[in-house]
Amino acid sequence: MRASVYLYEDEDDAALVARCLAGDPAAFEPLVVRYQRPLFNVALRMLGRYEDAGDATQTAFVKAYARLSSFDPTQRFFSWIYRILKNECLNMLRSARPMEPLPAHLVAAGGPTDRLDDAERRDALRRGLMALSVEYREVIALRHFADLSYDEIAATLGIPAKTVKSRLFSARQRLGEILSDWKVR
Amino acid sequence: MMSDRWTDGDLESAEHRWVSRLLDAQGDVEPPRDLTARVMAEIGRWPSRRTGGGHTMGRKILWGVAAVAAVLLISFAVTGYPPVGKGIEGTIGAAKRYQAPQIGNDDVKVQDPELQAFFQSDAFHKLTTDKTAREAVTSKEFRQAVADPAVRAALAVPAVQAALASQAVQQALSSSALVRALASQAVQEALVSQDIQAALASQAVQAAVAAQPGVQAALASQAFQSALASQAFQSALASQAFQSALATPAFMQALGSAAFVQALSSSAFVQALSSSAITQALAAQSLAQ
């Protein structure tokens, strides 16, 4: 069961930020503990590699701390730090090395793909996500791996909830096509 | 969970519902265990927001003071304190002390602003004049421990500092069986989930308590439980270097030293420990006693 990132009181986040700004860096730790899991999981789906996701999440937190004075306490902390994380992920993707090719039995037409084990299925899904555009990938990550509602995704991305729904629909459809081509079903 | 997921007007064709199920079946992935510690260690390197800027002394003078203080600190670490002057050796008989090669300017680069703050702090002064604290800081085990970012991050947490200053906690941490129990996978998992009571009730911890009954009071103390709730402290407990430091008499003795505890509660001191210059110097093989 994934914990929703909006389970916590935003006022509490704002109070912790205020303590940091008043010279208490230890007050940042609860924010890291609170948000590292959803941020890391989104980064993992955005970047496709565990180590890269860890680095991106760490950098996002450090950059957020450096820019705490620019945080608007009327906004949600997660939305704010998510934008920092996304920029970090985009920077890393620009300089990323290409992913390893798919295993031969996944690309071979008529291969024994109906017997994929869990690890192969996970790997195919990871590659399928990486084959999506960043826009599609992030709505899937926020919905399925950070467990945000449509309204929360809309607030995080700064777009209408209606747009979130249609984008998510298209993203799943595209992912389904990719996975079907690889006979992952 | 999925049942309420699909009741809020999700636009999804039945044809691709299997995609959603596949995505949800993945579950989320545990972030790196030391992520919090790494972030807090990075943040610990930052100069205090409250004291940033506004130095009254000239920059050159500050650099000079810092450089002199660095040389003094390293000298203490190498030769012991106070330095023995020429002509005094005879009065203390034939005692022989290992003399490491002098560290040159290239060995320690005083560039970090936090070092300047540390060298000017009261904590630094007391540290260099308190024998017990000095022995702890220059001990091999302590140097190895503070070279670990997880340990430095833990030492930067006020709850951990308060816990370490508690006599009951010191007694508990002097039990290697308890420390090993706290570092065990089952207890660490309970701690990560913030279920402190479950962690303390675990078989491993209770076995350690049974072996040393005095530990029970420490476990029940508010100071210890607050420290355990800190993820940085949890990571530190899992650190082999920290366990070694806790098993070191010099380190445990230093926890009873007012100067050492005051140094630990000084953000400047912890920031100085985060400085690569200090940790490299402290961990340098040439400083081995």
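What follows draws every value from the coordinates through simple rules; no lab data is involved. Small disclaimer: the values here were computed from a predicted structure and weren't measured. All Cβ positions, glycine included, derive from the backbone under ideal geometry; neighbour counts span all protein chains shown.
General observations
- As a length-normalised measure over Cα pairs under 8 Å and 6 or more apart, the relative contact order of segment A:1-97 settles at 29 percent.
- Per-pair calculated FRET efficiency, R0 = 51 Å: residue B:210 and residue A:169 via Cβ, rounded to 0.05: 0.30
- According to the Kirkwood relation over distinct C-alpha pairs, the hydrodynamic radius of segment A:106-185 is 13.4 Å.
- Residue B:198 paired with residue A:90, simple spin-label distance in nm, labels 7 Å along Cα-to-beta-carbon: 4.0
- Förster radius 22 Å - calculated FRET efficiency between residue A:122 and residue B:33 (Cβ-Cβ, nearest 0.05): 0.55
- Of the three principal axes defined by the Cα atoms of segment A:1-97, the extents in descending order read 41, 31, 22 Å.
- A simple count of charges around residue B:41, restricted to other residues whose Cβ falls under 12 Å of its Cβ and scoring Lys, Arg +1 and Asp, Glu -1, yields -1.
- Selection from B:210, B:183, B:129 lying farthest towards where the dipole of segment B:129-232 points positive, charges on Cβ: B:129
- Segment A:78-89 - phi-based ³J(HN,Hα) in whole Hz, Karplus 6.51/-1.76/1.60, Gly and Pro as x: 4, 4, 5, 6, 4, 5, 5, 4, 4, 4, 5, 4
- Using the Cβ of residue A:152 as centre and a radius below 11 Å, the other residues enclosed give a net charge of 0, where K and R count +1 and D and E count -1.
- This model, with +1 at the C-beta of Lys and Arg and -1 at the C-beta of Asp and Glu, gives segment A:106-185 a dipole about its Cα centre of some 180 debye.
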